[in-house]
Amino acid sequence: MMAIAFGEDDALAASDRRPQAGLPRGDVMNLNFDGESAVADRASALRVALREWLTSLQVAPDRVYDVVLATYEALANAVEHAYVRDSAPGTLDLHARCMPKTGWIEVVVSDRGAWDVHAPDSTRGRGVPLMHALADSTAVTSDHDGTTVRLVWDALTPA
């Protein structure tokens, strides 16, 4: 396994798919999207759904901004890079967990494509460093089964 570790839309309204918001398990809330089409319009709709979900949980606006931006970078990477060699769009998953009382958040974005390496270009390559800058912990792993990005924001207050 190769591991790579790097140190307002109306789209949701137009979509028939709605978030599968989990009921609280203890103090953890869940938002899950599985098998979503890895296309730009769907990534935008997922960004909106994530923002609305975090806002409904009364997550601080600055943290919502950071989580949504970092997550969208991961979604955009899956859309742009994972299925370049395929003739049709693949799929991606978005799983988010939040502990509203403390502010702890985890987001996992996964695809089933092949990591596509681009030639060096000074106008590209800012997404993963941005994820690192915005999240407290960022892990990007890629192997023959696809790529997974795990982003974590630590608790702001004790449980």
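The numbers here are math on the coordinates, done by the rules we state, and not lab data. Just so we're clear, the structure is a prediction, and the values are computed from it rather than from any experiment. When we count neighbours, we look across all protein chains shown, and the Cβ atoms used for this are built from the backbone with ideal geometry, even at glycine.
Report, by chain and number, residues whose modeled amide H sits under 5 Å from the one on residue 147, excluding near sequence neighbours (fewer than 5 apart, same chain).
111, 112, 113
Tell me, in nm to one decimal, what length is gained between residue 154 and residue 55 on full extension, where the rule is 0.36 nm per residue of separation less the Cα-Cα distance?
Full-extension gain reported as 33.9 nm.
I need the phi-derived Karplus couplings for segment 127-138: 6.51 cos²θ - 1.76 cosθ + 1.60, θ = phi - 60°, integer Hz, Gly and Pro marked x.
Coupling constants for segment 127-138: x, 5, x, 5, 4, 4, 5, 8, 9, 6, 9, 9 Hz.
What FRET efficiency comes out for the pair residue 76/residue 144, r = Cβ-Cβ distance, R0 = 25 Å, nearest 0.05?
After rounding to 0.05, the efficiency reads 0.65.
Please sort 39-51, 59-71 by packing, taking for each peptide the average over its residues of neighbouring beta carbons within 10 angstrom, highest first.
39-51, 59-71
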